[in-house]
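The values are calculated or read from the model by the stated rules, or taken from the named source; none is laboratory data. Every value quoted in this text rests on a predicted model; they were computed, and no experiment measured them. Note: ideal-geometry Cβ built from the backbone for every residue, glycine included; neighbour counts use all protein chains shown. The protein model used for the area step is the full one, side chains on, heavy atoms only, and it has no ligands, DNA or RNA in it. Shrake-Rupley method; radii C 1.70, N 1.55, O 1.52, S 1.80 Å.
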Amino acid sequence: SKSLTQAERAHLERVKSVACSVCDAPPPSAAHHIKQGAHFATVALCWACHQGPLMGWHGQRKAWKINKVDELDALNVTLRRLQE
(Lines give C-alpha, C1' and ligand atoms only; values in the text may rest on other atoms or scores of the structure.)
Protein backbone atom coordinates (compact mmCIF):
# COMPACT_ATOMS: atom_id res chain seq x y z
CA SER A 1 0.00 0.00 0.00
CA LYS A 2 0.98 3.61 -0.57
CA SER A 3 2.75 5.32 2.34
CA LEU A 4 0.89 8.01 4.25
CA THR A 5 1.44 11.66 3.46
CA GLN A 6 2.34 14.01 6.29
CA ALA A 7 -1.20 15.49 6.17
CA GLU A 8 -2.82 12.04 6.31
CA ARG A 9 -0.65 11.00 9.23
CA ALA A 10 -1.48 14.21 11.12
CA HIS A 11 -5.21 13.75 10.46
CA LEU A 12 -5.17 10.15 11.72
CA GLU A 13 -3.41 11.24 14.92
CA ARG A 14 -6.06 13.92 15.48
CA VAL A 15 -8.86 11.38 14.94
CA LYS A 16 -7.25 9.09 17.53
CA SER A 17 -7.20 11.99 20.02
CA VAL A 18 -11.00 12.40 20.23
CA ALA A 19 -13.64 10.32 22.04
CA CYS A 20 -15.40 7.36 20.44
CA SER A 21 -18.02 8.58 17.99
CA VAL A 22 -20.46 5.80 18.91
CA CYS A 23 -20.34 5.46 22.72
CA ASP A 24 -18.30 8.55 23.77
CA ALA A 25 -15.57 6.48 25.48
CA PRO A 26 -12.58 8.74 26.17
CA PRO A 27 -9.53 8.78 23.89
CA PRO A 28 -7.26 7.39 22.70
CA SER A 29 -9.42 5.98 19.93
CA ALA A 30 -8.72 3.88 16.87
CA ALA A 31 -9.09 5.45 13.42
CA HIS A 32 -11.62 3.25 11.58
CA HIS A 33 -11.40 3.64 7.81
CA ILE A 34 -14.78 3.73 6.08
CA LYS A 35 -13.00 2.85 2.83
CA GLN A 36 -9.59 1.21 2.77
CA GLY A 37 -6.95 3.81 1.95
CA ALA A 38 -9.29 6.80 2.38
CA HIS A 39 -7.39 8.25 5.32
CA PHE A 40 -9.50 11.39 5.64
CA ALA A 41 -12.71 9.33 5.90
CA THR A 42 -11.88 7.83 9.29
CA VAL A 43 -14.02 7.50 12.40
CA ALA A 44 -12.81 7.72 16.00
CA LEU A 45 -13.80 4.45 17.72
CA CYS A 46 -12.95 2.78 21.03
CA TRP A 47 -11.82 -0.85 20.88
CA ALA A 48 -15.29 -2.20 21.79
CA CYS A 49 -17.10 -0.19 19.09
CA HIS A 50 -14.40 -0.93 16.52
CA GLN A 51 -13.27 -4.54 16.97
CA GLY A 52 -15.35 -5.85 19.86
CA PRO A 53 -16.97 -9.19 18.96
CA LEU A 54 -20.37 -8.17 20.30
CA MET A 55 -20.53 -4.38 20.08
CA GLY A 56 -18.00 -3.59 17.34
CA TRP A 57 -18.24 -2.74 13.65
CA HIS A 58 -16.11 -5.78 12.88
CA GLY A 59 -18.34 -7.92 15.10
CA GLN A 60 -22.11 -8.02 15.65
CA ARG A 61 -22.41 -4.17 15.69
CA LYS A 62 -24.70 -4.13 18.72
CA ALA A 63 -23.43 -0.71 19.93
CA TRP A 64 -24.12 0.70 16.47
CA LYS A 65 -27.65 -0.74 16.43
CA ILE A 66 -28.42 0.38 19.99
CA ASN A 67 -27.28 3.94 19.21
CA LYS A 68 -28.92 3.84 15.75
CA VAL A 69 -25.82 5.05 13.92
CA ASP A 70 -24.00 3.99 10.78
CA GLU A 71 -20.51 4.85 9.54
CA LEU A 72 -21.58 8.20 8.05
CA ASP A 73 -23.29 9.26 11.28
CA ALA A 74 -20.14 8.36 13.21
CA LEU A 75 -17.94 10.17 10.66
CA ASN A 76 -20.08 13.28 11.13
CA VAL A 77 -19.55 13.10 14.92
CA THR A 78 -15.79 12.66 14.44
CA LEU A 79 -15.54 15.62 12.04
CA ARG A 80 -17.63 17.83 14.34
CA ARG A 81 -15.38 16.97 17.29
CA LEU A 82 -12.27 17.75 15.25
CA GLN A 83 -13.68 21.24 14.62
CA GLU A 84 -14.28 21.95 18.34
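Numbers at a glance
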quantity: Cys residues of the chain counted as unpaired, since no other Cys beta-carbon is under 4.7 Å; calculated: Cys23, Cys49
quantity: Separation of the Lys2 and Leu82 label points, Cα + 7 Å toward Cβ, nm; calculated: 1.7
quantity: Hits among lysines - C-alpha to C-alpha of Lys62 under 30 Å, sequence gap 8 or more where chains match; calculated: Lys16, Lys35
quantity: Helix-only [θ]222 nm of the chain, DSSP H runs n ≥ 4, -39500 (n - 2.57) each, per residue, nearest 500; calculated: -11000 deg cm²/dmol
quantity: At 0.692 mPa s and 37 °C, Stokes diffusion of the chain via Kirkwood alpha-carbon radius, µm² per second; calculated: 261
quantity: Between helix 71-83 and the chain: long-axis angle, C-alpha atoms, 0 to 90°, nearest 10; calculated: 50
quantity: Whole-number accessible area per residue in Å² for region 24-84, which is evaluated in the context of all protein chains at 1.4 Å; calculated: 62
quantity: Contour minus Cα-Cα distance for Asp73 and Glu13 (0.36 nm per residue); calculated: 19.6 nm
